[in-house]
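Visitor: This is the structure, below, for whatever I ask next.
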Amino acid sequence: ADPQWGYIGIYKDVLLAGFDFASYGERLELSFESDEKLKKNREGFGSKSLDRAASRGLIAFDRHRGDVLWKIDARSSFWHNGIVAGGDQIYCLDRNPAPVEEALKRRGKLDASRNRILAVDYLSGKIKWEVDEDVFGSWLGYSEKHDLLLQAGAAASDRLSSEVGQGMAVHSTTDGSVRWKKSSLKYTG
């Protein structure tokens, strides 16, 4: 009816929009001891940093006519830092942030099988492949030169402090299979 746009991106002639912020606290009836904010800029989005780091779904529009091409709902939430395009596909990281997963685990409601990485055809919205094992990252990157997808954590001033991940994995863009993986990295930032 009146969605809030949390993410905007352009790939070729497609405008991508993340609709409805994840709003974990309200949607999942969770409260956090201390609201997580962006790392360096502690003001971030204020107390809503965690709730606004992801969207509940993604819509693709023809960027010239404004027609809706497709819409896909997240199982958990599409991280804004985990939406990337290349090779005629849109890649999406669909999972909850660590503080949300920890809160759900304490309540006995964590379903890690909901976590996934998707590859979606940029024009039709058809899911080309889906990976639902060992989805740990908070960030996706695409290499046009090598046509590969990187899943990792991220430590930067515009990221939540929980985004520092446990390693990295490189996926094939053809089927999502893991080409190589480094299980742990020591962050000294």
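The values are calculated or read from the model by the stated rules, or taken from the named source; none is laboratory data. Remember, predicted model here, so these are calculated numbers, not experimental data. Here the Cβ positions follow ideal geometry from the backbone for every residue, glycine too, while neighbour counts run over all protein chains shown. Just the protein is used for accessible areas: all its heavy atoms, side chains included, with ligands, DNA and RNA removed. Shrake-Rupley method; radii C 1.70, N 1.55, O 1.52, S 1.80 Å.
Visitor: For segment 83-146, give the percent of accessible area contributed by carbon and sulfur heavy atoms, probe 1.4 Å, rounded to a whole number. Spell out each step's value before the answer.
Guide: Values: 1400 of 3170 Å².
Of the solvent-accessible surface of segment 83-146, carbon and sulfur hold 44 percent.
Visitor: For the cross-link pairs Lys126/Lys182; Lys12/Lys126; Lys145/Lys182; Lys71/Lys181, which exceed 26 Å when the distance is taken from alpha carbon to alpha carbon?
Guide: Working: Lys126/Lys182 30 Å; Lys12/Lys126 17 Å; Lys145/Lys182 21 Å; Lys71/Lys181 31 Å.
Long pairs (Cα-Cα over 26 Å): Lys126/Lys182; Lys71/Lys181.
Visitor: Here is a further query. What order do you get for 64-73, 131-140, 50-59, 6-15 when each peptide is scored by the mean count of other beta carbon atoms within 10 Å, highest first? The partial results should precede the final answer.
Guide: Numbers: 64-73: 12.2, 131-140: 19.1, 50-59: 23.0, 6-15: 15.3.
Put in order of decreasing packing, that is 50-59, 131-140, 6-15, 64-73.
Visitor: Sequence-distant or interchain residues sharing an amide H contact under 5 Å with Gln89, placed H: which?
Guide: For Gln89, the qualifying residues are Tyr122.
Visitor: May I ask you to give the average projected area over all directions of the convex hull of the Cα atoms of segment 58-125, in nm² rounded to one decimal?
Guide: Details: hull surface 20.4 nm².
Projected area, direction-averaged: 5.1 nm².
Visitor: Can you give the extra length, in nm with one decimal, that the chain gains between Glu144 and Asp73 once fully stretched, where that is 0.36 nm per residue apart less the Cα-Cα distance? All intermediate terms of the calculation are to be shown ahead of the outcome.
Guide: Details: separation 71, 0.36 × 71 = 25.56 nm, distance 2.63 nm.
Taking Glu144 through Asp73 to full extension adds about 22.9 nm, to one decimal.
Visitor: Right, next: Work out how much length Arg114 to Arg179 would gain on full extension: take 0.36 nm times their residue separation and subtract the Cα-Cα distance, in nm to one decimal.
Guide: Numbers: separation 65, 0.36 × 65 = 23.40 nm, distance 2.24 nm.
Roughly 21.2 nm would be gained on extension.
Visitor: Here is a follow-up. Assuming R0 = 22 Å, can you tell me the calculated FRET efficiency for the pair Lys105 and Glu26, based on Cβ-Cβ distance, to the nearest 0.05?
Guide: On the way: r = 20 Å, r/R0 = 0.89.
That pair, Lys105 with Glu26, gives E of 0.65.
Visitor: Taking θ as phi - 60°, what are the ³J(HN,Hα) couplings along segment 135-150 by the Karplus curve (6.51, -1.76, 1.60), each to the nearest whole Hz, with x for Gly and Pro?
Guide: 8, 10, x, 10, 8, 10, x, 10, 9, 5, 4, 9, 6, 10, 10, 9
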